[in-house]
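What follows is one structure encoded as structure tokens, with my remarks underneath.
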Amino acid sequence: MMLRLGGAFFTKGYFMAIQITSPRGTADVLPQDSSKWQYIEGVLKGVCERFGYQETRTPTFEHTELFQRGVGDSTDVVDKEMYTMEDKGGRSITLRPEGTAGVVRSFIQNGVLAGTLPVRAYYILSCFRYEKPQAGRLREFHQLGIELFGAGSADGDAEVIRIASQALREIGIKNVRLEINSIGCPECRPRYREALYNYFKAYEEQLCDTCRVRLEKNPMRIIDCKSPECQAIAANAPMALDYLCDECRDHFESVKSYLDESGISYSVNPRIVRGLDYYTKTVFEFVHESAGAQGVVCGGGRYDGLVGMLGGNPTPGVGFGMGIERLINVAESEGVVFPSPSAPDLFVGFIGDKGREAARRLVFDLQEKGVYAVYDINLRSLKAQLKYADKLKARYSLVLGDDEVDSGKAKLKKMSDGSEVVIDIDPGRLAAAL
């Protein structure tokens, strides 16, 4: 009798094997699915680069203080969701929960922001948050983000929103709506904070435990709470739009004007605050028709104070993040046709030792010329080789035996219709024919 305890299998007292599974909240990208990722990432990179954004890469882990200071210790991300540990030197290290803070740290440290502004950057990276796993939300997830530094005008906000809109359109995602809001700046935020505090204070006993703490630290975070009770209370809370200073109001009106000019439809949603503390002024989300928080396929906004907060010279910034897993899920739900996994241009079958040696040399020569060519390294029968070629969906095939090797010619077969032509067994001519 076989028993399974955890990941190990036992049979009547004897250890047989260990089956190790992936940690909860992570997912494998299998070879048959990788073309979807390559398609999404290729579209996103292409759009970013057409707008003048260059790729940047940052470490997977950073000093914990970076996220405590940058993201904000009143956020769920810092308070509940970070993967934090001590390294062997006793330093507190955190797997990045988002991309912006690490990019800001990198650009300050390496003097990037001391050069010509604006600076445009994009990245595709993995992030880590301890959340309840669900469709489109994992504990390890992948994100495309863009950051625009040194552009304080509303033109910058409009540019990053245009990039997001263009990327979604080129992926083939149609059923999305853009929602925008302004949450003010350090000049007008204190008045809004006071209004929120006074409002939520009257409901303090009805708030969840987390929001009672938020009430004292940052009452705006209560608006973002997922608790149904807190959401019901927050529904009638004061709106940031009613407390904007003249500069923030003018900035927001300019953003709307530029979006109108670009032909990008939007609605103002005064309840958007985003989940990170560094945002100022404009915040926005692209929301898919699917219900709930999982409908948000892109979120971002302006963060003019973050660079100064992390030790750099005050520099305005604006950007967004898109979850790759969620984009794939949404694209599939809309019936987007992803490119098929690549198939061989040519499968070379063989008969006998002479044919096998010739097939191996020919495949190697073709690969050096950029042709996707394969042969059977498992030394199966010719019938099994051709069945393997069918499974690979090779475009063409040819078979080399003693006669073909001696004559230097073989039949090139088009797999889709079975048509054949006789061709010289020459890598250059074959590459040109394929």
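Read-outs: derived from the displayed coordinates by stated rules, not from any lab. All values derive from a computational prediction rather than experimental measurement. Positions of Cβ are backbone-derived with ideal geometry, glycine not excepted, and every protein chain shown enters the neighbour counts.
Cut-off under 25 Å on the C-alpha distance; same-chain residues fewer than 8 positions from Lys45 excluded. Which lysines are left, in chain and number order?
Lys36, Lys174
So, with +1 on the Cβ of K and R and -1 on the Cβ of D and E, and no other charges, what is the size of the charge dipole of the chain about its Cα centre, to the nearest 20 debye?
1120 debye
Counting pairs of alpha carbon atoms under 8 Å apart in space and at least six apart in sequence, what relative contact order in percent does the chain give?
Numbers: 759 pairs, mean separation 65.4, N = 434.
Computed over the chain, the figure is 15 percent.
If you take the square roots of the eigenvalues of the alpha-carbon gyration tensor of segment 350-399 and sort them as a ≥ b ≥ c, do you get rounded (a/c under 1.5), prolate (a/b over b/c) or oblate?
Numbers: a/c = 2.26, a/b = 1.14, b/c = 1.99.
The shape class here is oblate.
Can you put Ile377, Ile173, Ile183 in order, fewest other beta carbons within 10 Å first?
Ile377, Ile173, Ile183
To make sure I understand, if each residue's beta carbon is the centre and we count other beta carbons within 10 Å, what order do Met85, Met309 fall in, fewest to most?
Met85, Met309
Given a cut-off of under 8 Å on Cα pairs at least six residues apart, what relative contact order in percent is computed for segment 109-268?
Values: 166 pairs, mean separation 38.4, N = 160.
Worked out over segment 109-268, it gives 24 percent.
Where both partners of a DSSP beta bridge lie in segment 346-433, what percent of those bridges are antiparallel, to the nearest 5?
Close to 45 percent.
Would you list Leu178, Leu196 from fewest to most Cβ contacts within 10 Å?
So the residues, fewest neighbours to most, are Leu178, Leu196.
Within segment 140-188, which trypsin sites (Lys or Arg not before Pro) sit in a loop by DSSP and count at most 14 neighbouring Cβ atoms inside 10 Å?
Here the trypsin sites (Lys or Arg not before Pro) that fit, given the DSSP loop and packing criteria, are Lys174.
Using +1 on the beta carbon of Lys and Arg, -1 on that of Asp and Glu, and nothing else charged, what's the dipole of segment 346-433 about the Cα centre, debye to 20? Don't skip to the end; give the middle numbers.
Numbers: 16 positive and 14 negative charges, 86 e Å.
In total the dipole reaches around 420 debye.
Provide the descending list of Cα extents for the chain along its principal axes, expressed in whole angstroms.
That gives 91, 67, 44 Å along the principal axes, largest extent first.
Give a residue-ordered list of calculated ³J(HN,Hα) values for segment 419-434 (Karplus: 6.51 cos²θ - 1.76 cosθ + 1.60, θ = phi - 60°; whole Hz; x for Gly, Pro).
For segment 419-434, the Karplus curve yields 5, 10, 9, 8, 9, 5, 7, 10, x, x, 5, 5, 4, 5, 6, 7 Hz.
Going by amide H atoms built from the backbone, whose H comes under 5 Å of the H on Thr315, apart from near neighbours?
Close amide H contacts, sequence-distant or interchain: Val307, Gly308.
Compute the angle between helix 246-262 and the longest alpha-carbon principal axis of the chain, please, reported from 0 to 90 degrees and rounded to the nearest 10.
30 degrees
Could you work out the relative contact order of segment 377-434? I mean the mean sequence separation of Cα pairs under 8 Å and 6+ apart, divided by the number of residues, in percent.
Worked out over segment 377-434, it gives 24 percent.
Provide the net charge surrounding Pro59, with neighbours chosen by a C-beta distance below 10 Å and charges set as Lys +1, Arg +1, Asp -1, Glu -1.
+2
Treat every Asp and Glu Cβ in segment 57-199 as -1 and every Lys and Arg Cβ as +1, leave all other atoms uncharged, and give the resulting dipole magnitude about the Cα centre to the nearest 20 debye.
Numbers: 19 positive and 19 negative charges, 57 e Å.
Once rounded to the nearest 20, the dipole reads 280 debye.
Only helical DSSP H runs with n ≥ 4 go in: add -39500 (n - 2.57) per run for the chain, normalise by residue count and round the 222 nm mean residue ellipticity to 500 deg cm²/dmol.
Taken over the chain, the calculation gives -10500 deg cm²/dmol.
Would you mind getting me the FRET efficiency between Ala114 and Lys369? Use the beta-carbon distance for r and R0 = 51 Å, nearest 0.05. Provide the component values of the computation, followed by the final result.
Numbers: r = 46 Å, r/R0 = 0.91.
E between Ala114 and Lys369, to the nearest 0.05, is 0.65.
Using only Cα atoms, figure out Rg for segment 274-364 and give it as a multiple of 2.2 N^0.38 Å.
2.08
Specify the angular offset, from 0 to 90 degrees and rounded to the nearest 10, of the alpha carbon long axis of helix 100-109 from the longest principal axis of the alpha carbons in the chain.
Between the helix axis and the principal axis of the chain, the angle is about 90 degrees.
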